[in-house]
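The values are calculated or read from the model by the stated rules, or taken from the named source; none is laboratory data. Quantities reported herein were computed from a predicted structural model and do not represent experimental measurements. Here Cβ is always computed from backbone atoms with ideal geometry, including for glycine, and neighbour counts include all displayed protein chains.
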Amino acid sequence: MQGFWITMAVVCAVVDVFLPYYLVIWFSGGALAALLFLWAGFNTPIQFAVFFLVSFALMGVVGRYINSRLLRGGSKMRTNIDEMMGKTAVVVMAIAAGEAGRVALKGTTWRTVLDDEAATAAVGEKVIVLSIEGVTLTVRKQEEVQHAI
């Protein structure tokens, strides 16, 4: 049984290195705890109970701590959404009243709705990005300023 717990600990640790998140490292800790219980003379059912209890405890306690540390600065991170707010886009598929259309912005087209459900926007008109929800932009028609000559 000693070989089983050592192999379990090593395999879980190695596999976790190749995964994008901490998914199986917790089982390495559980396997090491079960190994300690084996050396202390406890029988196999007790070892398995310790394995699962320690593994899930590590997952809950240490995992929560690691995630909170990793995500702590997340709100300060700039995203593409921040860069798009207030930008001017061009309508490429007309936006009917209360319907969705498409605009071109930053090299791609986006599903778009107008902030005024009664308004429409024709192809070629310019709009300003107000908000983004999922993959849909909410926009307002850009008022053209005419200068007197």
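Yes/no matrix, rows are residues, columns are (1) more than 30 Å from Met1 (Cβ to Cβ); (2) modelled with pLDDT of 90 or more:
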{"site": "Phe52", "(1), (2)": "no, yes"}
{"site": "Val61", "(1), (2)": "no, no"}
{"site": "Asn67", "(1), (2)": "yes, no"}
{"site": "Ile132", "(1), (2)": "yes, no"}
{"site": "Thr136", "(1), (2)": "yes, no"}
{"site": "Ile149", "(1), (2)": "yes, no"}
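Which residues, counting only those in the stretch 14-30, are of a type in the set (Phe, Trp, Tyr) and either at pLDDT 90 or above or part of a helix (DSSP H, G or I) (or both)? Give the steps one after another, and end with the answer.
Narrowing the stretch 14-30 to residues of a type in the set (Phe, Trp, Tyr): 18, 21-22, 26-27.
Answer for the stretch 14-30, where residues must be of a type in the set (Phe, Trp, Tyr) and either at pLDDT 90 or above or part of a helix (DSSP H, G or I) (or both): Trp26, Phe27.
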